[in-house]
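These notes concern the structure reproduced below.
The values are calculated or read from the model by the stated rules, or taken from the named source; none is laboratory data. Bear in mind the structure is a predicted one, so any value in this text is a computation, not a measurement. We place every Cβ from the backbone using ideal geometry, glycine too, and count neighbours over all the protein chains shown.
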Amino acid sequence: MSRGVWLFEDSLGPHDPALRAHPGAPAVFVFDDEWLTTHPTSFQRLFFAYESLVETLAGREGPGEVRRGNVVREVIDFCRHYGVTEIHVTRSRSPAYRRHADQLRANFIVVEHAPDELISW
């Protein structure tokens, strides 16, 4: 079984739980074309996301890719390229995340990691 990491926008950063669990696994982030065309996004926000991705993927053991397009299709293509059968991702509350994860489950095992808590008691 080959593992890969799907990075979602809520978990960008080098301390992402899915990345920490599998530091040598290939990782992918997809800029969602549908979201970008329906939500006006400033260059500054896109650049911030890109800088976060660079920081997230820098110095990792495994390869990292940044793509743009249909999220599910791009993640499937990425998984086929690397022979990934099990996708690890940090859970998000986003409705888009849930839709994408449910669609990916039709072809792959999707393992959700709990996000880090902002504060602990």
Filtered residues of the range 60-94 (kept if without any contact (Cβ under 8 Å) to a residue 12 or more places away in the chain and more than 14 Å from the chain's Cα centre (by Cα)) = Arg80, His81
request  = Run Asp102 past the list (1) assigned to a helix (DSSP H, G or I); (2) of a type outside the set (A, V, I, L, M); (3) out of contact with any helix residue (DSSP H, G or I) (no Cβ under 7 Å at 6 or more places or on another chain); (4) surrounded by 12 or more Cβ atoms within 10 Å (Cβ to Cβ) and report the number of the one that doesn't hold.
outcome  = (4)
ask   = Given the residues Tyr50, Tyr82, which is the only one that is hydroxyl-bearing (Ser, Thr, Tyr) and under 23 Å from Arg105 (Cβ atoms)?
value = Tyr82
query = Based on what the data block shows, is Ile76 at pLDDT 95 or above, assigned to a helix (DSSP H, G or I) and touching a helix residue (DSSP H, G or I) at 6+ places or on another chain (Cβ under 8 Å)?
reply = yes
message = Restricting to the range 79-96, name every residue that is modelled with pLDDT of 95 or more, assigned to a helix (DSSP H, G or I) and surrounded by 14 or more Cβ atoms within 10 Å (Cβ to Cβ).
response = Cys79, Tyr82
